[in-house]
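Down below is the structure, laid out as structure tokens.
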Amino acid sequence: MSGEQTLSVCLFGVPGSAHNLGVGALRRSAINGILRRVPSATVTVFDDGWGVRSERVMVDGVERPVSVCGARRSRRLYRRESYVNMRVSGTFGGVGSPGLAVIDSADAVLDVSGGDSFSDLYGRQRYHAVAWPKRLALYRRRPLILLPQTYGPFRDKDLRKAAVDLTRRAAVAWARDAESFAELRGLLGEHFDPARHRLGVDMAFALPAVAPPSRIDLPSWFFDRDDTPVVGLNVSGLLALDPHADRRYALRAAYLPLIERLLARIVEDGSRVLLVPHVISDGDGHEADHIAQSRVLAAMPRAIRERIACSPPVLDPSETKWLISQVDWFCGTRMHSTIAGLASGVATAAIAYSYKTRGVFETCGMRDHVVDAREVDTQDAVDRLFELYQRRKTTKVALLGCRDELIARAETQMDEIVEAAGARMLERA
């Protein structure tokens, strides 16, 4: 893109990216992808903070400016960050609303819905928070581009109907795997258009892995390897810390016993284990992986505990991806932790609690490396995962055959996203 005009976009659907590394991976992948292709682009990221701020991001070793604007579903309707406040301000021309000013000046509104939150799986409150930016973009008549994500499931008929309307009116919509694409087609029905509704891959496949600037607080055996295998394991606070998780997600397998038995078998087989958090928080976060992994570690017998280490909750998404790239086998419950493994060519398995995980693994030809805790009991899950751990060497060979193709698809997809976002800009030229 050239000329006096340059691309202006805003990005929604990445709140809490400092604490949820999966969302952070999507945020960074989107920003990097845009600014690599259009270095002069104006990018505004909407987050759950307050006010308008600026920050600088590193793109291929060069600092680039990015604007950040607060937007949230808040009961403080007087706050300019409130979606309701923005909507009401729009009836008066948007005066006094910095969020609406950004949307109005954008060539396109990009929305990734946290990767998997365009659903009622996590409750009505989360759904409405995810739906608001889409409504605002359409209300202000800006092209809405739904970045690669999962669609559904929708169990509530009214929410499904609303989601159908929002999806149908989007300028372009990408699904990040074949199962999500089938769900997208089902939502759209007769309005499905192959030119606008596309099968893609998760943007995090293209996220670069970056080694931490110095050795982090880990035992020497992680860095100074002998022949002992090192396994990476992500423990999800979402499942481990919620006492109602089994019922909420219809799990057959008991999550904590599953993790404890798997850890014991892997250690008894002679491996060491690194616990890797992918959702972190300050204080006693009810979904924090690092709190969950500490509780799991404390419950293990001393002989097992001595062969396990916890990665500190201080790494960003790219650094965590690098950490995962160093292990011999990885098993995660947070889906983006497993994408870091797959994209790094590490033999990877997943403990799933929704259909989204299986779809992403299918893009790598690794569908059978997903153990769905909704479908098997605790011991069957442990046995299956241990079998996958034992097959790690042959799995790695098979995975390396498709990894480069997936990364290339993610790059081509970003070319198309930027082209779609710039369509309106070219009309103005």
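Throughout, read-outs are computed from the coordinates displayed, never taken from laboratory work. Just so you know, these numbers come straight off a predicted model, no measurement behind them. Neighbour counts run over all protein chains shown; Cβ positions are idealised from the backbone, glycine included.
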Sum of side-chain charges, ARG225 neighbourhood, beta-carbon under 13 Å (Lys, Arg +1; Asp, Glu -1): -3
- request: Compute the distance in nm between two label points, each set 7 Å from the Cα along the Cα-to-Cβ direction, one at ARG302 and one at ARG248.
  value: 3.6 nm
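Give the order of VAL346, VAL376 when sorted by the count of other beta carbons within 10 angstrom, beginning with the fewest. Please report the intermediate quantities before stating the final value.
Details: VAL346 23, VAL376 17.
By the 10 Å Cβ count, ascending: VAL376, VAL346.
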message: Through the Karplus equation 6.51 cos²θ - 1.76 cosθ + 1.60, θ set to phi - 60°, convert the phi angles of the range 373-378 into ³J(HN,Hα) values in whole Hz; use x for Gly and Pro.
response: 5, 7, 10, 10, 7, 4
query: Could you give me the ³J(HN,Hα) list for the range 405-421, computed from phi with Karplus coefficients 6.51, -1.76, 1.60 and θ = phi - 60°, whole Hz, x at Gly and Pro?
result: 5, 5, 5, 5, 5, 5, 5, 4, 4, 5, 4, 5, 5, 5, 4, 5, 5
Amide H partners (placed H, <5 Å) of ASN20, local residues excluded: ILE280
message: Taking the 0 to 90 degree range and rounding to the nearest ten, how far is the long axis of helix 124-139 tilted relative to the main principal axis of the chain, both from C-alpha atoms?
response: 30 degrees
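Using only DSSP helix segments of four residues or longer, with each worth -39500 (n - 2.57), what per-residue ellipticity at 222 nm results for the chain after dividing by its residue count and rounding to 500? Let's see the in-between values first.
On the way: 18 runs with 189 residues, N = 429.
My calculation for the chain gives -13000 deg cm²/dmol from helical runs alone.
For the chain, state the average projected area of the convex hull of the C-alpha atoms over all orientations, rounded to one decimal in nm². The partial results should precede the final answer.
Values: hull surface 83.0 nm².
The directionally averaged projection comes out at 20.7 nm².
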message: Run the count for the chain, please: Lys pairs, Cα-Cα under 23 angstrom, 8 or more apart or on different chains.
response: 9
statement: Residues other than ALA204 with Cβ under 11 Å of its Cβ, Lys/Arg counted +1 and Asp/Glu -1, net out at +3
- line: Final fewest-first order of ILE324, ILE145, ILE280 on the 10 Å Cβ neighbour count is ILE280, ILE145, ILE324
- line: Ranked by GNM mean-square fluctuation in the chain (Cα springs under 10 Å), the top entry among LYS393, LYS321, LYS356 is LYS393
query: If you plug each phi of the range 97-102 into the Karplus form 6.51 cos²θ - 1.76 cosθ + 1.60 with θ = phi - 60°, what whole-Hz ³J(HN,Hα) values come out, in order, with x for Gly and Pro?
result: 10, x, x, 5, 4, 5
field: Förster radius 41 Å - calculated FRET efficiency between GLU416 and ARG124 (Cβ-Cβ, nearest 0.05)
entry: 0.80
task: Find how many whole Å separate the alpha carbon centroid of the range 1-75 from the alpha carbon centroid of the range 301-349.
output: 26 Å
statement: Amide H neighbours of CYS310 at under 5 Å, excluding residues fewer than 5 places away on the same chain, with H built from the backbone geometry, are LEU275
